[in-house]
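The values are calculated or read from the model by the stated rules, or taken from the named source; none is laboratory data. Model, not experiment: these values are computed from the prediction. No Cβ is skipped: glycine too gets one built from the backbone with ideal geometry, and neighbour counts run over all protein chains shown.
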Amino acid sequence: MGVSGRGVGILGGAFDPPHVGHVALAEEAVRHFRLDRLLVRVVADPGHKEVGTAPQIRLLLAELAFAALDEAEVALDPFSRTVDSLEQLGFEDPVFLIGADEFADFLDWKEPDRVLELARLGVATRPGTERAVVEAVLAGVSRPDRVELFAIEPLDVSSSGIRARIAAGDPVEGLVPWSVAAELDRLGLYRDE
């Protein structure tokens, strides 16, 4: 029997860099699921994507990005796969938060059925999200009752887009929290991409 996960949310990601969309998702999830704690897990070595920024720098950026959210606890996640991270955390019935775009690939994750045993999924949807894609994934999971959709405001922002803007010398104000923008500038990150 694990530690009670009621009121615990988990938001994992590369956060390269964290942006206002990540923060908006976290804030809405805290409200929607009435979370007492939100574990923001910066994945040190994501199994699904190349990340060029050191984990400790991404951890610092995430700490800055989520600083204003009282429920947030930011930590490095040594596991590349969600199922392994959830096994290690050992919470009983937490909510694992993902965007609908990530949910589209859920059936390709390592042990998706086990993920749904270890946690409920909170899937953030935006107006215009491909409903058919979400429905197709729901039809393929073992426990659709363990998946709950919640709506978030559409924000046209992505980490890759922010990196491209910085590389091109374009401003990123309004796309990342101001503290993150200041740190990106101070560190000179993404300028040579």
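Per-structure values
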{"item": "Test: residue in segment 12-24 that is farther than 22 Å from GLU117 by Cβ, of a type outside the set (Phe, Trp, Tyr), surrounded by fewer than 20 Cβ atoms within 10 Å (Cβ to Cβ) and out of contact with any Pro (no Cβ under 7 Å at 6 or more places or on another chain)", "result": "yes"}
{"item": "Residue check for ASP113: surrounded by fewer than 19 Cβ atoms within 10 Å (Cβ to Cβ), of a type in the set (D, E, K, R), in contact (Cβ under 8 Å) with a residue 12 or more places away in the chain and touching a Ser or Thr at 6+ places or on another chain (Cβ under 8 Å)", "result": "yes"}
{"item": "Residue among PRO127, PRO171 that alone is in contact with a Pro (Cβ under 6 Å, 6 or more places away or on another chain) and surrounded by fewer than 14 Cβ atoms within 10 Å (Cβ to Cβ)", "result": "PRO127"}
{"item": "Extreme residue, nearest to the chain's Cα centre (by Cα), among residues of segment 86-144 that are assigned to a loop (DSSP other than H, G, I, E, B) and among the basic types (Lys, Arg)", "result": "ARG126"}
{"item": "Test for SER80: is it at pLDDT below 95, touching a Phe, Trp or Tyr at 6+ places or on another chain (Cβ under 8 Å), of a type in the set (S, T, N, Q) and on the phi < 0 side of the Ramachandran plot", "result": "no"}
{"item": "First in segment 122-147 and on the phi < 0 side of the Ramachandran plot, second anywhere and assigned to a helix (DSSP H, G or I) and exposed (fewer than 12 other Cβ atoms within 10 Å of the Cβ), Cβ under 9 Å, 6 or more apart", "result": "THR125/ARG131"}
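Okay, residues lined up against (1) modelled with pLDDT under 95; (2) over 13 Å from LEU11 (Cβ atoms); (3) crowded, with 18+ Cβ neighbours inside 10 Å:
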{"site": "GLY52", "(1), (2), (3)": "yes, yes, no"}
{"site": "ALA62", "(1), (2), (3)": "no, no, yes"}
{"site": "LEU69", "(1), (2), (3)": "no, no, no"}
{"site": "GLU87", "(1), (2), (3)": "no, yes, no"}
{"site": "LEU97", "(1), (2), (3)": "no, no, yes"}
